[in-house]
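Single-structure report; data block below.
The values are calculated or read from the model by the stated rules, or taken from the named source; none is laboratory data. All values reported here derive from a predicted model rather than from experimental measurement. Counting neighbours? That spans all protein chains shown, and the Cβs are built from the backbone with ideal geometry, glycine included.
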Amino acid sequence: MTRISRCFEEQQSRHRKVLIPYVTAGDPEPEITVPLMHAMVEAGADIIELGVPFSDPMADGPVIQRASERALAHHISLHRVLAMVAEFRRRNDITPVILMGYLNPVEVMGYKEFARVADEAGVDGALIVDLPPEEADDFVAAMRARHLETIFLVAPTSTDERIAKINTAASGFVYYVSLKGVTGAASLDITSVADRVAHIRSYTTMPIGVGFGIKDAATAAQIAQIADAVIVGSALVRTIEGLLDSPDRIIAEVSSQIAAMRKAMDHTDSGDVLQQHVGANR
């Protein structure tokens, strides 16, 4: 059993939903990343999604684009991100770590080599934003050979054919993008998300995580009623960006945000009407 599947299984047995925060590795400076990862776990994170900075992050909104720019100014490469994961593993061998990034650095390294070094560093899976499932066979094979998970995005506009293909290629969990557009986009229609998650469940037995549009504890609690995992990124990165002049406050403020989300998720009323709605459609 992988760390990711064990995490979902354990949280399900405790009637809790999985909380997955995202931060960009090396933002705003390399020395913060690993201590921040440990602090997020202590605050209630179950899985960490660690962004690999890229010069053309086309799926990301301005907030995460600027985070990538700040990290790249410190020459944060894929190799340095893997070194950060390896450092994190010296103290934590339990919390899953997923790399989120773009295909070019992985292709330069080579799929098999990427899977090897990721495995050796302690990575548990990867979400390659610009790698569609129709073109991912070789990458998925290299990852599976190392018992690493490959996460794919399901969009609001994904066809049933695409969802079925993702179910075949993916492992770990399915990541549903709750909004059209890039990360950090505007508003969240909870009822629409509930309908879509219920539909995706008819195609997969994997857990479903929902990201994009989760801005605070209240929206995290709402998503926890309809999904297996709550994924939050831009809200945390925005907090980091607001503290560039006070970097010593970053860890405390991000931890506070995560703790508030964890508390709100854990106190969600399981009898809520949205949960009933989703259950009726399973």
**OP:** Identify, by number, the condition in (1) part of a helix (DSSP H, G or I); (2) within 18 Å of Val174 (Cα to Cα); (3) at pLDDT below 95 that Val63 doesn't meet.
**Re:** (2)
Original post:
Is there a residue in the range 29-51 that is of a type in the set (Gly, Ala, Ser), in a loop (DSSP other than H, G, I, E, B) and either in contact (Cβ under 8 Å) with a residue 60 or more places away in the chain or in contact with a Leu (Cβ under 8 Å, 6 or more places away or on another chain) (or both)?
Top reply: yes
Original post:
Would you say Val193 is surrounded by 23 or more Cβ atoms within 10 Å (Cβ to Cβ), at pLDDT 95 or above and among the β-branched types (Val, Ile, Thr)?
Top reply: no
**OP:** Please specify each residue of the range 238-251 satisfying the condition of being within 21 Å of the chain's Cα centre (by Cα) and either free of Cβ contacts under 8 Å to residues at least 24 places away in the same chain or closer than 20 Å to Gln65 by Cβ (or both).
**Re:** Arg238, Thr239, Ile240, Glu241, Ile250
**OP:** Would you check which residues across the range 198-250 are surrounded by 22 or more Cβ atoms within 10 Å (Cβ to Cβ), in a strand (DSSP E or B) and at pLDDT 95 or above and list them?
**Re:** Gly209, Val210, Ala229, Val230, Ile231, Val232
